[in-house]
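Asks: Have a look at this one.
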Amino acid sequence: MADQQKLSSRHLLGIKDLNRNDIELIFETATNFKAVLNRPIKKVPSLRDVTIANIFFENSTRTRLSFELAQKRLSADTINFAAASSSVSKGETLIDTVNNILAMKVDMVVMRHPYAGAGIFLSRHIKAQIVNAGDGAHEHPTQALLDAFSIREKYGEVSGKKVVIVGDILHSRVALSNILCLKQLGAEVMVCGPTTLIPKFIGSLGVKVEHNLIKALNWCDVANMLRIQLERQDIKYFPSLREYTMLYGLNKQILDSLDKEITVMHPGPINRGVEITSDVADSKQSIILDQVENGVAVRMAVLYLLAGQM
């Protein structure tokens, strides 16, 4: 991978900072890295002298492990920081925390933060490159990239495909990043969920809105099922999880009753029996585990391309 092209942005703060060429370049690079991941020796020396700090102010399993594995596969040096066991709990500010880490000669920061725009704020105050691993209910760019990459892998292209995102659109950073990414790549996008969980501005993003799950599923090629983000909800947006499941939960009976065979996705973590049943999550129409595998390759591509701008 010697002839490296560059991304148009120095950081990855959100999909809105990427153009279509950037996304295609990330996918092309991820395809090469996926081939590496399927070799007996899964490591390349691409980032041997690069130090990356994973700074997570919110809990995470898949995203953090996926980034850590991507960094190790690229031979980067990594340090992991969890806010709960740090001086943040003593009142230290975000900038002080990160500057202390950067004083240890860190080149890149992968950050998850509960507040929207935290990565953008930080990028204006520190020299290191920043990858947004999720900021509040704002964006989660690498999740959107791996989701779109998985759709492309399944169908050969994203353009012209009909994708419905079902569930808690209002609180979901995955939904916003997915909408922006899929629209860039020429997909048709619909959101589906209770009126209370659909943001009022959603129409300005050029997506369709549907409140009937069966109609949405019959329309789409791909259904991306989101979990209900109870940890972000300060009021009740629907009467009960049981009622939500009855109206918006995807089970095998519904899947088998559709006019065509659709592909089922989920960004995780799955609340089995709420937005999706186990027999759907584990069915042949599900590409959930492909998403997890592709996440490592896509994150390798992002880190590799950004490191080329140091």
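The values are calculated or read from the model by the stated rules, or taken from the named source; none is laboratory data. Given the structure is predicted, the values throughout are model-derived calculations rather than measurements. All Cβ positions, glycine included, derive from the backbone under ideal geometry; neighbour counts span all protein chains shown. What goes into the accessible areas is simple: the full protein's heavy atoms, side chains included, and nothing from ligands, DNA or RNA. Shrake-Rupley method; radii C 1.70, N 1.55, O 1.52, S 1.80 Å.
Asks: Looking at the chain, what % of its DSSP beta bridges pair antiparallel, to the nearest 5?
Replies: 5
Asks: If you don't mind, there's one more thing I want to ask. So what's the angle, to the nearest 10 degrees on a 0 to 90 scale, between helix 173-184 and the longest Cα principal axis of the chain?
Replies: The two axes meet at around 90 degrees.
Asks: Another question, if that's okay. I'd like to check one number: the per residue accessible area of region 179-310, probe 1.4 Å, reported in Å² as a whole number.
Replies: Computed with neighbouring chains in place, this is 44 Å² per residue.
Asks: Of the listed peptides 191-203, 64-76, what is their order by residue-averaged count of other C-beta atoms within 10 Å, with the highest listed first?
Replies: 64-76, 191-203
Asks: Give me the accessible area per residue for region 1-136, probe 1.4 Å, as a whole number in Å².
Replies: 51
Asks: Tell me, what is the FRET efficiency for residue 35 and residue 92 to the nearest 0.05, using R0 = 41 angstrom and their Cβ-Cβ distance as r?
Replies: 0.45
Asks: Show me the trypsin sites (Lys or Arg not before Pro) within region 8-43 that DSSP assigns to loop and that have at most 15 other Cβ atoms within 10 Å of their Cβ.
Replies: 10, 42, 43
Asks: To the nearest 10 degrees, how steeply does helix 20-37 sit against the main Cα axis of the chain, on a 0 to 90 scale?
Replies: Its long axis makes an angle of about 80 degrees.
Asks: Next question, about the same structure. Tell me the angle of helix 62-73 to the major Cα principal axis of the chain, expressed in degrees between 0 and 90 and rounded to the nearest ten.
Replies: Between the helix axis and the principal axis of the chain, the angle is about 40 degrees.
Asks: Could you please state how large a percent of the accessible area of region 247-310 is carbon and sulfur, counting protein chains only and using a 1.4 Å probe?
Replies: 50
Asks: When the accessible area of region 123-232 is computed with all protein chains present and a 1.4 Å probe, what percentage of it is carbon and sulfur?
Replies: Percent of accessible area from carbon and sulfur atoms in region 123-232: 51.
Asks: Compute the length gained on full extension between residue 103 and residue 254: take 0.36 nm times their separation in residues and subtract their Cα-Cα distance, giving the result in nm to one decimal.
Replies: 48.9 nm
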